[in-house]
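The structure appears right after this line, and notes come after that.
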Amino acid sequence: MKVRRVVTGRNTTGKSVVVSDGPSPREMVLRHTPGFVSSPQWKIEGTPGLGNIDNRDPMHTTGTMIMPAGGSSFWIITFPPDSVFMSPEWNPVVAGPELTEASPGIAERMEPDSPGMHQTPTVDYVTVIKGRLVLELDDGNTVELNAGDTVVQHGTRHAWRNPGDQPATISVVLLGAKV
């Protein structure tokens, strides 16, 4: 999946222009976890300023997608069905480093004793774009989500589950929050 990302800005005369049009340089289609696609779109480490665009794409750098308080990041993620992770062909030793590279800032927060569970210091705005997902919270509480559903998540411990037989895609904006 190549997500088309159109970035606009202002030129030196203040006119609106397209600065770039094409996929994020950080988009990854995982080889060792079929159906998993990580497409980080943009990140801003602090309060954004408006004005002339300097043509620097923050996605040309590596590093976390979890921004400090006042910062934000925008990500599109496709989750394979849970059956991919249960398949005897799926090898967590081989897939692990690739998942870590595809999920910078999230992978480090994954709980080894509770696969998929993690917590970030962010307020997240999530929209299910395609498919069906289950949001798992503490104590096994779950919420089924379908395309068009949204979640506002306040730094809660959670996991995303895909009990279906097709990949499911979310769009998420993570806002760095004070802890």
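Taken together, the values in this text are just the output of simple stated rules run on the coordinates, not laboratory data. No experiment lies behind these values; they were computed from the predicted model shown. Neighbour counts run over all protein chains shown; Cβ positions are idealised from the backbone, glycine included.
Near LYS178, which aspartates and glutamates are there with a Cα under 14 Å away, not counting those fewer than 8 places off in the same chain?
Within the straight-line limit of under 14 Å, LYS178 reaches these aspartates and glutamates: GLU45, ASP124.
Counting only helical runs of four or more DSSP H residues, what would the 222 nm mean residue ellipticity of the chain come to if each run contributes -39,500 (n - 2.57) and the total is spread over all its residues?
Calculated at 222 nm, the ellipticity per residue is -2500 deg cm²/dmol.
Note the angle between two axes, namely the Cα long axis of helix 92-102 and the longest principal axis of the Cα atoms of the chain, as a number of degrees from 0 to 90, rounded to the nearest 10.
Taking the Cα atoms of the chain, the angle to 92-102 is about 20 degrees.
Can you classify the stretch 79-179 as rounded, prolate or oblate using the Cα gyration tensor, where a ≥ b ≥ c are the square roots of its eigenvalues, rounded means a/c under 1.5, and otherwise it's prolate if a/b beats b/c and oblate if not?
Taking the square roots of the gyration eigenvalues as a ≥ b ≥ c, the stretch 79-179 is oblate.
Which value, in debye to the nearest 20, describes the size of the charge dipole of the stretch 24-176 about its Cα centre when Lys and Arg Cβ atoms bear +1, Asp and Glu Cβ atoms bear -1, and nothing else is charged?
340 debye
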